[in-house]
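Some notes on the structure that comes next.
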């Protein structure tokens, strides 16, 4: 009996390429603030697209329009003119109630000042967005613990902000931004209040969320070295985009961290528990 190979012949047709969907599309966005007799033109005809899985740094000096753009992207403000499509939905003319729904369902926020409730544990701070979303109690806690675990803070869930370092507080803030499983994470100067090593650690978390989980991440920063951890940089000046480039030599936090001095993350808790002695001669410790 003849034996014939059951192996299927190799196909000459390559597998179709999956094109990332457009998460953000801005069409000729203008934002004007009317200050009595004076008008401030914060954005002047901005058009751009950001796709699923991108990591974008929005850059520019003070007054360049980057913060105004972030407010519009986060549905915290509406453009004076132009159209903003978020995941295919035109959100540029939605009511405040409708914008609140979009924010709660699709967008996670991380702020420079952390914005944590001081008398509330890390776990309860992370749970807050789920309360507004009407998530049941048990599910709220499960989501919050999972989000804290994603940023490496599961063991600090019951600590208060005063017992956490600046970097740990920012991790809690990131976890809070992740708890409702958004399709887009917006971070406004996420390293602005942090030292160099902690800044890289935070960028490492954002890179992990982007590279390993495919989360679309947009940060606002004025620091060029921080922008190098992203994949794309968009620079603003006078309300217009003046540069939009892919990062060619992207920095990887996991490679940079070993080159930086180690800091003691447990210091705030040690001080709180009276375990840390004051610096000699009453001098202030290094920041």
Handout entry: Residue among 35, 48, 186 with the largest mean-square fluctuation in a Gaussian network model of the chain, springs linking Cα atoms under 10 Å
Key = 35
Fill in the blank from the handout: Within the set 206, 251, 184, GNM on the chain using Cα springs under 10 Å gives the largest fluctuation to 251
Handout entry: Taking all pairs of distinct alpha-carbon atoms in the range 72-128, Kirkwood radius in angstrom
Key = 13.1 Å
Practice task
Grab the Cα-Cα distance for residue 44 and residue 208, subtract it from 0.36 nm times how many residues apart they are, and report the gain in nm with one decimal.
Solution key: 55.7 nm
Exercise for the section: Out of all DSSP beta bridges with both ends in the range 145-264, state the antiparallel percent to the nearest 5. Expected result: 55 percent
Exercise for the section: Can you pull the one-decimal nm distance between simple spin-label points at residue 30 and residue 142, each 7 Å off the Cα toward Cβ? Expected result: 5.0 nm
Practice task
Specify whether the C-alpha gyration tensor of the range 148-200 places it in the rounded, prolate or oblate class, a ≥ b ≥ c being the square roots of the eigenvalues: rounded for a/c under 1.5, otherwise prolate if a/b is larger than b/c and oblate if not.
Solution key: oblate
Exercise for the section: Divide, for the range 108-206, the radius of gyration over alpha carbons by 2.2 N^0.38 Å, where N is the residue count. Expected result: 0.98
Problem - Point-to-point label distance, residue 231-residue 247, nm (Cα→Cβ direction, 7 Å offset) - result: 1.1 nm
Fill in the blank from the handout: Here P(r) for the range 16-117, Cα-Cα distances in 10 Å bins, as whole percents, is 13, 43, 34, 9, 1, 0
Exercise for the section: Give me the distance in nm between label points sitting 7 Å out from Cα along the Cα-to-Cβ direction at residue 181 and residue 162, one decimal. Expected result: 3.7 nm
Exercise for the section: Any chance you could check the Cα centroid distance between the range 34-100 and the range 247-262 for me, in angstrom? Expected result: 31 Å
Fill in the blank from the handout: Rounded to the nearest 5, the percent of antiparallel DSSP beta bridges in the chain equals 60 percent
Fill in the blank from the handout: Across 70, 38, 59, the residue with the highest GNM fluctuation in the chain (Cα network, 10 Å cutoff) is 38
Handout entry: Computed P(r) (all Cα pairs; the chain; 10 Å bins; percent)
Key = 6, 25, 30, 21, 10, 5, 2, 1, 0, 0
Completion exercise
Here the relative contact order (percent) of the chain, from C-alpha pairs under 8 Å and at least 6 apart, is 22 percent
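The numbers here are math on the coordinates, done by the rules we state, and not lab data. Being a predicted model, the structure only gives us computed values, none of them experimental. Neighbour counts run over all protein chains shown; Cβ positions are idealised from the backbone, glycine included.
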